[in-house]
There are 2 protein chains.
Amino acid sequence: MRFIQKLKKAIAKNNSLLCIGLDPDLKKLPNSLTKSIDSVLEFNRRIIEATHNFICAYKLNSAFYEALGPKGFEILKATIELIPKDIPVILDSKRGDIDSSNEMYARSAFIEFGADSITVNPYLGVEPLKPFTKFRDKFIFVLILTSNPGAFDFQYVKCKGKFLFQRVSEKFVNLSNVGFVVGATRGKDIKLVREVSDEKLFLIPGIGAQKGSLELALKYGVNKDKVALINVGRAIIYASNSSDFAQKAKEKAIEFKEKINKILAQL
Amino acid sequence: MRFIQKLKKAIAKNNSLLCIGLDPDLKKLPNSLTKSIDSVLEFNRRIIEATHNFICAYKLNSAFYEALGPKGFEILKATIELIPKDIPVILDSKRGDIDSSNEMYARSAFIEFGADSITVNPYLGVEPLKPFTKFRDKFIFVLILTSNPGAFDFQYVKCKGKFLFQRVSEKFVNLSNVGFVVGATRGKDIKLVREVSDEKLFLIPGIGAQKGSLELALKYGVNKDKVALINVGRAIIYASNSSDFAQKAKEKAIEFKEKINKILAQL
């Protein structure tokens, strides 16, 4: 099934725009689990079991798996296999290279690891993304405006009245199966990206630990169908440090889901 | 040993600025090897054995290993372990994320995989690179001007008389243990990056299969010590499709090394 259909079904079924960031950090695993690589899969399994009825997607940040060495990639693959088939999986690996290398990255993400979607970096331009977009059932999220302080270095370079991030979003706006990553910490500036397109799907990280505003993220981030992916990671998966971590993650997920729906209802 | 010392020693010992791109593609393995994942390590082993006395570094493009799935990362690690300890290893993975994720990418590249250096993407700015640069023995190459056609989309956005790639290079110029990636296909424009610093080490891909000019790459790419890393991949490792592939790769490597030295002598 195409990513977009799968996502729409998951949103409808669970009545949720919440995406959980499954980014396991060995140091932060609950005390009830041994701090070993093998615990990571167990941790993910229990978080998925507890939360999959309250979310519309999982986002796996590749960095957290790569930090575990070759074994980490086995866990990444095994985690994706654990996720119910009706929930779309975004591999948040921010890849970006010339086309012949992107061919390999696309094969890796979509075929080897079985992800439904991938995040990519725009610095090398539009042309090298073809190896990703040619997978018509998959979906690509391009980094447009990031949640970190360094975003101001280049994304905000202003030229002829326009920020670079606006220019970047304009270049990708006509590509199908392509959405945008826009950090929640950017608040009102999210609107500048939304003005480029009222259709594009936004993936919005930066809620929770990074303290972005959920209200502004939704107000400016949803498209004309009132859809956006609101990602929360640490604030949910590490909601408790004890043996009740899965239950607490579930409660936090429900809390975020309801908070999102309440704000949506007022838009 | 610090990356820079290791590199200088390798350059002096082998009298070479050639860096080989070890980017194994299953489909392109010589006919004398079975087209299986296990052959990849054998292919790399024979290329390394045949060429390590004629080069100053190996660059491994992560994409080609990731395309092989979890097993690919074992091969990546095993390949790095095969490389003689006096030859620096650049992990060309073009990573780039917020600082907490880059912490994980740095741990992966430098600790888990044992690389001496990594390539990174500048789109998220200077601040998130700290997790990489805090490894004082390691080295970071920032993408500045890439070899692909899409480079024109954003890297060449001109603002107040300056291209974005010039702005990017200026932002990173004062960071130590940081060099620049500049594509050989950019010809004379390499000079614009060199003007930002006469000291920075450039890693220059795009020679060989991508047909960048070796003359211009050296003329504008070397620093005041007449050093730059000239990367050649496909034109060397796939010099022959038969059982003599390692011997042919060696001959090609020597050919490139001598071509580089001849041009250098005339600068």
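When the range A:60-98 is filtered for residues that are at the interface with another protein chain (Cβ under 7 Å from one of its Cβ atoms) and assigned to a helix (DSSP H, G or I), the ones remaining, listed by number, are A:A63, A:F64, A:E66, A:P70, A:F73, A:E74, A:K77. Regarding the range B:147-164, can at least one residue be identified that is in contact (Cβ under 8 Å) with a residue 40 or more places away in the chain and aliphatic (A, V, I, L, M)? Checked against the condition, which is being in contact (Cβ under 8 Å) with a residue 40 or more places away in the chain and aliphatic (A, V, I, L, M), the range B:147-164 yields no hits at all.
Against the list (1) touching a strand residue (DSSP E or B) at 6+ places or on another chain (Cβ under 9 Å); (2) free of Cβ contacts under 8 Å to residues at least 40 places away in the same chain, the condition B:K134 fails is (1). Each residue in the range B:215-244 was checked for being surrounded by fewer than 16 Cβ atoms within 10 Å (Cβ to Cβ) and assigned to a loop (DSSP other than H, G, I, E, B), and 8 of them qualify.
Scanning the range B:192-205 for residues that are out of contact with any strand residue (DSSP E or B) (no Cβ under 8 Å at 6 or more places or on another chain) and either buried (at least 22 other Cβ atoms within 10 Å of the Cβ) or more than 23 Å from B:K94 (Cα to Cα) (or both) yields B:E195, B:D198. Could you please tell me which pairs satisfy a Cβ distance under 6 Å, a separation of 6+ or placement on different chains, a first residue in the range A:48-72 that is within 13 Å of A:G21 (Cβ to Cβ), and a second residue that is assigned to a helix (DSSP H, G or I) and of a type in the set (D, E, K, R)? Within 6 Å, the pairs are A:T51/A:K250.
Among the residues of the range B:29-41, those that are surrounded by 14 or more Cβ atoms within 10 Å (Cβ to Cβ) and either under 22 Å from the mean Cα position of the chain (by Cα) or of a type in the set (V, I, T) (or both) comprise B:L29, B:I37, B:V40, B:L41.
For (1) in contact with a helix residue (DSSP H, G or I) (Cβ under 8 Å, 6 or more places away or on another chain); (2) surrounded by fewer than 23 Cβ atoms within 10 Å (Cβ to Cβ); (3) modelled with pLDDT of 95 or more, each residue gets a yes or a no:
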site: A:N14; (1), (2), (3): yes, yes, yes
site: A:R45; (1), (2), (3): yes, yes, yes
site: A:A57; (1), (2), (3): yes, no, yes
site: A:L60; (1), (2), (3): yes, no, yes
site: A:F64; (1), (2), (3): yes, no, yes
site: A:P70; (1), (2), (3): yes, yes, yes
site: A:K85; (1), (2), (3): no, yes, yes
site: A:P88; (1), (2), (3): yes, no, yes
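Suppose we filter A:L229, A:L267, A:L218 for residues that are among the hydrophobic types (A, V, I, L, M, F, W, C) and at pLDDT below 95; which single one remains? First the steps, then the outcome.
On the way: A:L229 fails: at pLDDT below 95; A:L218 fails: at pLDDT below 95.
Criteria check complete, one pass: A:L267.
Considering only residues of the range A:167-180 that are of a type in the set (G, A, S) and either over 16 Å from the mean Cα position of the chain (by Cα) or surrounded by fewer than 23 Cβ atoms within 10 Å (Cβ to Cβ) (or both), which is farthest from the other protein chains (Cβ to nearest Cβ)? So, considering only residues that are of a type in the set (G, A, S) and either over 16 Å from the mean Cα position of the chain (by Cα) or surrounded by fewer than 23 Cβ atoms within 10 Å (Cβ to Cβ) (or both), the one farthest from the other protein chains (Cβ to nearest Cβ) is A:S176.
So how many residues does the range B:39-59 have that are part of a helix (DSSP H, G or I) and either of a type in the set (A, V, I, L, M) or within 9 Å of chain A (Cβ to nearest Cβ) (or both)? Even if it seems obvious, please write down each step before you answer.
Restricting attention to the range B:39-59, the residues satisfying the condition of being part of a helix (DSSP H, G or I) are B:39-51.
This time we only want the ones that are either of a type in the set (A, V, I, L, M) or within 9 Å of chain A (Cβ to nearest Cβ) (or both), so: B:40-41, B:47-48, B:50.
Looking only at that region, the number is 5.
Every condition in (1) of a type outside the set (S, T, Y); (2) at pLDDT 95 or above; (3) under 18 Å from the mean Cα position of the chain (by Cα) is met by B:D244 except one, and the failing one is (3). Within the range A:122-153, restricting attention to residues that are under 18 Å from B:Q155 (Cβ atoms), surrounded by fewer than 23 Cβ atoms within 10 Å (Cβ to Cβ) and in contact with a Lys or Arg (Cβ under 9 Å, 6 or more places away or on another chain), the residue that is farthest from the other protein chains (Cβ to nearest Cβ) is A:V126. Of note, B:L22 does not satisfy the criterion of being away from chain A (no Cβ under 11 Å), in contact (Cβ under 8 Å) with a residue 24 or more places away in the chain and in contact with a Pro (Cβ under 8 Å, 6 or more places away or on another chain). For A:K211, the conditions (1) charged (D, E, K, R); (2) assigned to a loop (DSSP other than H, G, I, E, B); (3) within 20 Å of A:V142 (Cβ to Cβ) are fulfilled apart from (3). For the range B:181-191, a residue qualifies if it is more than 10 Å from chain A (Cβ to nearest Cβ) and in contact with a strand residue (DSSP E or B) (Cβ under 9 Å, 6 or more places away or on another chain), and the qualifying residues are B:V181, B:V182, B:A184, B:R186, B:D189, B:I190. Quick check: anything in the range A:181-190 surrounded by fewer than 21 Cβ atoms within 10 Å (Cβ to Cβ) and modelled with pLDDT under 95? Yes: one or more hits. For the range B:11-56, a tally of residues being small (G, A, S) and touching a Phe, Trp or Tyr at 6+ places or on another chain (Cβ under 9 Å) returns 4. Counting the residues of the range A:1-31 that are part of a helix (DSSP H, G or I), out of contact with any Cys (no Cβ under 7 Å at 6 or more places or on another chain) and β-branched (V, I, T) gives 1. Every listed requirement among (1) modelled with pLDDT under 95; (2) within 14 Å of chain B (Cβ to nearest Cβ); (3) more than 24 Å from A:D116 (Cβ to Cβ) is met by A:G206 save one, (3). The residue pairs whose first member lies in the range A:233-254 and is of a type in the set (V, I, T), whose second member is assigned to a helix (DSSP H, G or I), and whose beta carbons are closer than 7 Å, counting only pairs six or more residues apart or on different chains, are A:I236/A:A249; A:I236/A:K252; A:I236/A:A253; A:I236/A:F256; A:I237/A:I47; A:I237/A:A249. Against the definition (part of a loop (DSSP other than H, G, I, E, B), in contact with a helix residue (DSSP H, G or I) (Cβ under 9 Å, 6 or more places away or on another chain) and not hydroxyl-bearing (S, T, Y)), how does A:Q247 come out, yes or no? No; evaluated as a whole, the condition is false for this residue. Within the range A:155-164, restricting attention to residues that are within 7 Å of chain B (Cβ to nearest Cβ) and surrounded by fewer than 22 Cβ atoms within 10 Å (Cβ to Cβ), the residue that is nearest to the chain's Cα centre (by Cα) is A:V157.
Please count how many residues of the range B:217-238 are in contact with an Asp or Glu (Cβ under 7 Å, 6 or more places away or on another chain) and more than 16 Å from B:L203 (Cβ to Cβ).
Residues that pass the stated criteria total 1.
The values are calculated or read from the model by the stated rules, or taken from the named source; none is laboratory data. This one's a predicted model, so the numbers in the text were calculated from it and none came from an experiment. When we count neighbours, we look across all protein chains shown, and the Cβ atoms used for this are built from the backbone with ideal geometry, even at glycine.
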